[in-house]
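Worksheet: one structure, shown below.
Values quoted throughout were computed directly from the atomic coordinates according to the rules given, and no laboratory measurement underlies them. Not measured: the values here are computed from a predicted model. Note: ideal-geometry Cβ built from the backbone for every residue, glycine included; neighbour counts use all protein chains shown.
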């Protein structure tokens, strides 16, 4: 793991918009299945980040030497019957910072924020076969099932997604 990695929740993307946009483009163009198809135009990436923050979204970034090494989001469910849960979304690590524990640090911070927000259930999905499956399993996420034909790739194939969940602390009743 690299030293001097700072994991921070941010309330504005403005100071980070260029780096976040470049990160999104880099990971999508590298094959990540996070809602976009390659090649991703930098202006489309920028538009995404300009609208990502909302009252129900917590954005976490990892910084290394003044560079964004990764990011993840916690989407709080705002429905009355879902106020105990949140979704983990768009975990990304810049290719130059992979295999250094940054994704794990981001996920740990996401879980801390979920607990702070009184969320006892986290859910997420990821493409079947991606390395992220091993990370989520190592963090105690339990596979709930698979949905075939869920996400389209650049080549037009339809990939399976794997659904995971994790309970945090005592389950709220």
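Quick notes on this one:
- Only Cα pairs under 8 Å and 6+ residues apart enter the sum, and on that basis the relative contact order of segment 20-91 stands at 22 percent.
- Residue 118-residue 42 FRET efficiency (beta carbon distance; Förster radius 25 Å; 0.05 resolution): 0.10
- The value of relative contact order for segment 5-167, using C-alpha pairs under 8 Å at least six residues apart, is 19 percent.
- Cα-based convex hull volume of segment 63-113 per residue, rounded to whole Å³: 74 Å³
- For residue 163 and residue 139, the difference between the fully extended length at 0.36 nm per residue and the C-alpha to C-alpha distance is 7.2 nm.
- Put in order of Cβ neighbour count within 10 Å, fewest first, the listed residues 100, 37, 105 become 37, 100, 105.
- Rg/Rg_globular for the chain, with Rg_globular taken as 2.2 N^0.38 Å and Rg from C-alpha atoms: 1.01
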